[in-house]
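Reading through the structure tokens given below for one structure.
The values are calculated or read from the model by the stated rules, or taken from the named source; none is laboratory data. This one's a predicted model, so the numbers in the text were calculated from it and none came from an experiment. Note: ideal-geometry Cβ built from the backbone for every residue, glycine included; neighbour counts use all protein chains shown.
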Amino acid sequence: MEQKVNYDRIQVFGEVLFDIFPDQSRVIGGAPFNVARHLRGMSLDPFFVSRVGNDDAGQEVRLQMQEWGMDTGGLQVDPEKPTGRVLVKFHDNEPSYEIKEDAAFDRIEAVDSLEALQVGRTLFYHGTLAARSPRSSRTLYSLAKKSLQTVFCDINLRDPWWSPELIRDILTWCNYLKVNLEELDRVAGILGFREEGVENMGRAVQERCRLQGLVLTMGSRGAMFFPSEGRPLFAAAPEVHGFKDSVGAGDSFSAVFMLGLCRNWSWERIMHSAVQTAARLCTIQGAVPDDRGFYSRLVDY
């Protein structure tokens, strides 16, 4: 790997919510929560910053975090708004999401304890959904613009909960950007250019935004990585046996990528491990595994 960084902490910012499936079963989720719990399953110690309601769902979030040994110091409780909910539907095995409005994670506050953590070298993860509201957006901006940190953003564009202005701002502080094919096209459009071919467009976005790396996920086609130096890398997706759903597969990819940054893995190892882990996650229902042994089987080569 081209860069060696020792991080003093990992901070994950954003929503925690419950995915409600067609059979009315519910599974804890939200991309930032998923990433934080994956990181904890991989024996890292992320500090998760979010907000839940003063309700049964919020208590379940806290209990699950405690069960997995996660630090709950960044989990705020809103006295009025409920814990977030998403109705999940499927079409041709691909999930779609109806995200309920006015949830607790829309009111994440920039309390003094969060500011105190912004000392030393931080690996900071965030998405875009929690920035849909003014209060949480202000908190994100205050945390993301701190110095001495590496920012990994998985933009996860969910209509209508994003804006071109938000994306332009993110690109000013982001070091690593993760997009899918549709999001790559949208980002390129926001930047005001179009390139022929996925590889040309990915490289153009990486160079225009001066990213340390652009991650492009392509579902069953695998993933590509565009580093600041060197040629793009391609990682083929393995065949999935016993497919259940693809909810949260991208979040497991993000977590493995961050694990690799923390451990200074080569780009090749990061990408190979990330696509393998995302494929295995598709064999369970929901976004995070209950089996801690899931993480002991991370690809090692």
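Considering each residue of the stretch 228-243 in turn, at least one proves to be part of a strand (DSSP E or B) and either in contact (Cβ under 8 Å) with a residue 40 or more places away in the chain or closer than 30 Å to Ile20 by Cα (or both).
How many residues, within the stretch 148-168, are aromatic (Phe, Trp, Tyr) and either without any contact (Cβ under 8 Å) to a residue 60 or more places away in the chain or under 20 Å from Phe225 (Cβ atoms) (or both)? Write out each step before concluding.
Of the stretch 148-168, the ones aromatic (Phe, Trp, Tyr) are 152, 161-162.
Next, only the ones that are either without any contact (Cβ under 8 Å) to a residue 60 or more places away in the chain or under 20 Å from Phe225 (Cβ atoms) (or both) stay: 152, 162.
So the answer is 2.
If only residues of the stretch 264-301 that are of a type in the set (D, E, K, R) and modelled with pLDDT under 90 are counted, the one that is surrounded by the fewest Cβ atoms within 10 Å (Cβ to Cβ) is Asp300. Restricted to the stretch 19-118, the set of strands (runs of 3 or more DSSP E) holding at least 2 residues that are at pLDDT 95 or above comprises 46-53, 75-78.
Take the conditions (1) under 20 Å from the mean Cα position of the chain (by Cα); (2) aromatic (Phe, Trp, Tyr); (3) modelled with pLDDT under 95; Phe193 misses just one of them, which is (1). All of (1) aliphatic (A, V, I, L, M); (2) surrounded by fewer than 24 Cβ atoms within 10 Å (Cβ to Cβ); (3) closer than 30 Å to Pro22 by Cβ hold for Leu261 with one exception: (3).
Considering the conditions (1) in contact with a helix residue (DSSP H, G or I) (Cβ under 8 Å, 6 or more places away or on another chain); (2) under 23 Å from Trp173 (Cβ atoms), Leu233 is excluded by exactly one of them, (2). Name the pairs whose Cβ atoms lie under 6 Å apart, with the first residue in the stretch 73-89 and over 18 Å from Leu129 (Cα atoms), the second exposed (fewer than 13 other Cβ atoms within 10 Å of the Cβ), and 6 or more positions between them or separate chains? Short answer, once both residue conditions are applied: Lys89/Ser96.
Filter the stretch 245-270 down to the residues that are charged (D, E, K, R) and in contact (Cβ under 8 Å) with a residue 40 or more places away in the chain, then identify the one that is farthest from Gly222 (Cα to Cα). Reasoning before the result, please.
Of the stretch 245-270, the ones charged (D, E, K, R) are 245, 251, 263, 268-269.
Those still in the list that are in contact (Cβ under 8 Å) with a residue 40 or more places away in the chain too: 245, 251.
Working: Asp245: 16, Asp251: 15 Å.
My answer is Asp245.
Considering (1) crowded, with 16+ Cβ neighbours inside 10 Å; (2) part of a helix (DSSP H, G or I); (3) of a type outside the set (Phe, Trp, Tyr), the lone condition that Val247 does not fulfil carries the number (2).
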